Amino acid sequence: MWDESISIIKKELGPSESLLWSGQPRTGLVLRSSDLMMIPFSILWGGFALFWEGTVLAANAPLFAKLWGIPFVAVGLYMMIGRFFFDAYQRSKTFYGVTSERVIIVTNTFGTSIKSLNIRMMPTVTLKEKKDDTGTVVLGHDPEDNNGWTWGKSRNRKQGPPTLELIPNARKVYEIIREIQRKDSHVAAR
């Protein structure tokens, strides 16, 4: 895993850049704080959809009624089970890099997506650390800090600022980014 992230990120480096850190988010199934609300909701949704579809099939209802419930069952199954596996798959195809100039996020799920963030232009960098030294580095203002519950935000990477999520030694990565910003601010102050 480590060698793969290095080779993927090195392909994106410019001629004057040096790679300071690379890695991937933790793999496997993960429970997040948003699941505290989503799990009961998904069980209610999925349970009702399955009950509806089972009742309609058992009653030998018209074809339209039988077909009507299928999308609701599919959504319910995704919310109850599928979203955990899709999230794990997405994280297994995500690679992070911190260079002397920027943070690079490469995602290879449906094609390749490359996000490049200039370290010197980041207004805020936040560390969210767990006791086991894993954590998330938030690269920008996190709306979750101000408004409490944000349904599904943790699993939907299109909302909120870019993150280096579920990484080992998150504090080390945070300090690498902050050190580059401090050096830059000292040079600008002169």
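Summary of computed values
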| quantity | calculated |
| --- | --- |
| Over the chain, volume per residue of the alpha carbon convex hull, in Å³ | 141 Å³ |
| Most to least packed among 19-28, 115-124 [average Cβ atoms within 10 Å] | 19-28, 115-124 |
| Per-peptide average of other Cβ atoms within 10 Å, ordering 33-40, 78-85 highest first | 78-85, 33-40 |
| Net dipole in debye of the chain [+1 Lys, Arg Cβ; -1 Asp, Glu Cβ; about Cα centre; nearest 20] | 220 debye |
| Residue among Lys130, Lys11, Lys172 with the largest mean-square fluctuation in a Gaussian network model of the chain, springs linking Cα atoms under 10 Å | Lys11 |
| Rg followed by Dmax, in Å, when region 35-87 is reduced to its Cα trace | 12.3, 38 |
| Equivalent ellipsoid semi-axes - Cα gyration tensor, region 8-120, angstrom | 44, 15, 10 |
| Footprinting exposure proxy for Ile70, Ile180 (fewest neighbouring C-beta atoms within 10 Å first) | Ile70, Ile180 |
| Residue order, fewest to most surrounding Cβ atoms within 10 angstrom, among Asp142, Asp184 | Asp184, Asp142 |
| Gain upon complete extension [Ser100, Ile70; 0.36 nm per residue less C-alpha separation] | 5.7 nm |
| Long-range HN-HN contacts of Trp21 with modeled amide H, under 5 Å | Val98 |
| Ranked list, fewest to most other Cβ atoms within 10 Å of each Cβ, for Glu53, Glu165 | Glu53, Glu165 |
| The chain - mean residue ellipticity at 222 nm from DSSP helices (-39,500 (n - 2.57) per run, n ≥ 4, rounded to 500) | -13000 deg cm²/dmol |
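Where a number appears in this text, it was derived from the coordinates with a stated rule and is not lab data. Computed from a prediction, not measured in an experiment: that's the story for all the values here. Neighbour counts run over all protein chains shown; Cβ positions are idealised from the backbone, glycine included.
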